[in-house]
Amino acid sequence: MYVLEDNMATAADFSPTLTLLEGGIITKENGASVGDTSGDSEEMKQADIGKPPRHLSIVRHSVAPAKMLTVDDLELVRTIGIKSPAENRSDYLPVLRSGSCSERGPKEYMEDEHVCIDDLGEHLEAAADLPSHGAFYGVFDGHGGSDAAAFIRENLLKFIVEDSNFPKSMNKAIRRAYIKADYAFADESSLDISSGTTVLTALIVGRTMSIANAGDCRAVLGKRGRAVELSKDHKPNCTSERQRIEELGGVVYDGYLNGQLSVARALGDWHMKGAKGSLCPLSAEPELQEMLLTDEDEFLIMGCDGLWDVMSSQCAVSMARKELMIHNDPERCSRELVREALKRSTCDNLTVIVVCFSADPPPIIEIPQTRVRRSISAEGLNFLKGVLESNS
C-alpha cells in the first residue's frame, strides 16, 4: 500500500480518518469516523490475497462470457502525487501475465484476430537471442474479410525476430517487419489481398515495452488508476493523417480515405495501394512508442475500435482496475470489458487483451483530501441558529 504524508496546514487539531472508495482508492477526511466496511471485507480480503490464476495458458484466443460487475458504481478518480519507492530502480522487472477475449458482436462475420505470448523465449524455442524475459501481444482488426488479419497474425512476429536489428534496436525491427509483412501478404495469390487489417502490437523485453500501431486499435496503460494512452487512432480526419493523405494525392470524404476506408493506416487493402515501395495515401507504416516500465505501471489494455467506440480510455482503466482488485484475473477482466462494450451497443467485432505487470492485484491508493477553511459571519451564524431552533 502506498501512503501519502499529509503536509497541508489544518485549521484545528484533529486526527484524519480514511474513507474507502470504489476502485481501491482511499481519501483522508476531517472530523468524520471511518464508515463500516464490513460488507466489503470479503472482497477486500480477496484483493489482498489474490494470486495469478494457475490455469492460464501461454497463448490464448477467446473465452466464454461470465457474470460482470455493474459499471454504474464506478467512480473515475484521477490519482495525484503518487510516488513509487522503486520508481527509479534499475533492477525492476515486470511479472507478465495476460488474458484475452474476442466476440463477433452484432456483425455477421468475425474478422478480428489476436495473439498473447507471455513467454517469448519459450514460444520461439531459442530462435531469437533475447537478452532477458520477453512477451508479445497483438490485436488485428480485419476488414473486407479475415485473410489479412489471419496472415499478419501468423507471420508478423517471425518478421520481427528475424530482422537483423532485433533485439538491439526493437523499434527499427518492428517498423521494418510491418512493411515486410504487408509485402508478403501481397504476394499470397491464394488469399484475398483486397482484405485489410489494422495492427496493434506490444513487444516487451525486460522492462522495455514497444507499442506499434497502424490503424484505430488502441493501447492504454493503467498507471496507479490513471489512463495513459500509448497509441494514436489513425483516422482519416486526424489533422496529421489528412495532411499526409492529401500530400500523396488522396482525399478524405465524409471521414473515409478516398471515400472507402475509415482508417488512414492498415496492412493489406492492396486494391488501394500502388506498387511495392511506392508512397500511397494508405500507409502500412506503424507509429511506435517505447517506454521503460516501472512498478507504478499496473496493466495494459489493448483493444480494437469496437471497444473504444463506446468506452473512454479512463473508463476502461477504472473498470479493469476494480475488477483486478477483486479477482486478480486478466482473462476475466478482458471478458468484462467485452461484455460492457456489448451492453453499450457497440456495432463492431470486439477483441480485448489485458496484460498485467505484477503477480499481485493493484494496491489500494491513498490520496489527500483537500482541506478548505470555511468561515461564517456573525449575521449568518445568528440566521442559522434561528433556523435550527425553529425546527427543534
### Message
Checking the condition farther than 22 Å from residue 274 by Cα and either hydroxyl-bearing (Ser, Thr, Tyr) or in a strand (DSSP E or B) (or both), which residue from 114, 123 passes?
### Response
114
### Task
Tell me, yes or no, whether region 215-222 has at least one residue that is touching a Gly at 6+ places or on another chain (Cβ under 9 Å) and in a helix (DSSP H, G or I).
no
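Have a look at 144, 196 and point out the one that is modelled with pLDDT of 95 or more, open to solvent by less than 40 Å² (accessible area, probe 1.4 Å), of a type in the set (Gly, Ala, Ser) and within 19 Å of residue 109 (Cβ to Cβ).
Numbers: 144 fails: open to solvent by less than 40 Å² (accessible area, probe 1.4 Å).
So the residue among 144, 196 that is modelled with pLDDT of 95 or more, open to solvent by less than 40 Å² (accessible area, probe 1.4 Å), of a type in the set (Gly, Ala, Ser) and within 19 Å of residue 109 (Cβ to Cβ) is 196.
Please report, ordered by residue number, the strands (runs of 3 or more DSSP E) entirely within region 291-392 with at least 3 residues that are of a type in the set (A, V, I, L, M, F, W, C).
Strands (runs of 3 or more DSSP E) meeting the threshold: 297-303, 350-356.
Would you say residue 265 is among the basic types (Lys, Arg), surrounded by 22 or more Cβ atoms within 10 Å (Cβ to Cβ) and at negative phi? Before the answer, list the steps.
On the way: among the basic types (Lys, Arg): yes; surrounded by 22 or more Cβ atoms within 10 Å (Cβ to Cβ): yes; at negative phi: yes.
Judged against the criteria, residue 265 is a match.
Restricting to region 246-260, name every residue that is surrounded by 14 or more Cβ atoms within 10 Å (Cβ to Cβ) and either under 19 Å from residue 197 (Cβ atoms) or in contact with a helix residue (DSSP H, G or I) (Cβ under 9 Å, 6 or more places away or on another chain) (or both).
Of region 246-260, the ones surrounded by 14 or more Cβ atoms within 10 Å (Cβ to Cβ) are 248, 250, 252, 256-258.
Those that are surrounded by 14 or more Cβ atoms within 10 Å (Cβ to Cβ) and either under 19 Å from residue 197 (Cβ atoms) or in contact with a helix residue (DSSP H, G or I) (Cβ under 9 Å, 6 or more places away or on another chain) (or both): 250, 252, 256, 257, 258.
Scan region 89-96 and give yes if some residue there is of a type in the set (Gly, Ala, Ser), modelled with pLDDT under 95 and touching a helix residue (DSSP H, G or I) at 6+ places or on another chain (Cβ under 8 Å), otherwise no. Break it down stepwise before answering.
Step one: of region 89-96, the residues of a type in the set (Gly, Ala, Ser) are 90.
Now drop any that are not modelled with pLDDT under 95, which leaves 90.
The next check asks that each one be touching a helix residue (DSSP H, G or I) at 6+ places or on another chain (Cβ under 8 Å); those that pass are none.
No, every residue in region 89-96 fails to be of a type in the set (Gly, Ala, Ser), modelled with pLDDT under 95 and touching a helix residue (DSSP H, G or I) at 6+ places or on another chain (Cβ under 8 Å).
Can you name the residue in region 347-383 that is acidic (Asp, Glu) and modelled with pLDDT of 95 or more and, of all such residues, is least open to solvent (accessible area, probe 1.4 Å)? Let's see the steps before the verdict.
Residues of region 347-383 that are acidic (Asp, Glu), as a first pass: 348, 360, 366, 379.
Still in the list and also modelled with pLDDT of 95 or more: 348, 360.
On the way: 348: 27, 360: 80 Å².
If we take residues in region 347-383 being acidic (Asp, Glu) and modelled with pLDDT of 95 or more, then 348 is least open to solvent (accessible area, probe 1.4 Å).
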### Message
Can you tell me how many residues within region 306-342 are open to solvent by 30 Å² or more (accessible area, probe 1.4 Å), over 22 Å from residue 230 (Cα atoms) and either free of Cβ contacts under 8 Å to residues at least 12 places away in the same chain or hydrophobic (A, V, I, L, M, F, W, C) (or both)?
### Response
2
### Message
Pairs please, first residue from region 160-182 and closer than 14 Å to residue 208 by Cα and open to solvent by 30 Å² or more (accessible area, probe 1.4 Å), second anywhere and hydroxyl-bearing (Ser, Thr, Tyr) and at pLDDT 95 or above, Cβ atoms under 9 Å, 6+ apart in sequence or on different chains.
### Response
171/210
### Query
Can you find even one residue in region 234-244 that is under 29 Å from residue 297 (Cβ atoms), among the basic types (Lys, Arg), part of a loop (DSSP other than H, G, I, E, B) and touching a residue at least 40 places away in the same chain (Cβ under 8 Å)?
no
### Query
Between a first residue in region 139-151 that is on the phi > 0 side of the Ramachandran plot and a second residue that is assigned to a loop (DSSP other than H, G, I, E, B) and open to solvent by less than 40 Å² (accessible area, probe 1.4 Å), which pairs have beta carbons less than 6 Å apart while being 6 or more apart in sequence or on different chains?
144/195; 145/195
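Is it the case that residue 119 is out of contact with any helix residue (DSSP H, G or I) (no Cβ under 7 Å at 6 or more places or on another chain), open to solvent by less than 30 Å² (accessible area, probe 1.4 Å) and in contact (Cβ under 8 Å) with a residue 40 or more places away in the chain?
No, not satisfied.
The values are calculated or read from the model by the stated rules, or taken from the named source; none is laboratory data. Just so you know, these numbers come straight off a predicted model, no measurement behind them. Every residue, glycine among them, receives a Cβ derived from its backbone with ideal geometry; neighbour counts consider all protein chains shown. To get the accessible areas, we keep the full protein, side chains included, count just its heavy atoms, and leave off ligands, DNA and RNA. Shrake-Rupley method; radii C 1.70, N 1.55, O 1.52, S 1.80 Å.
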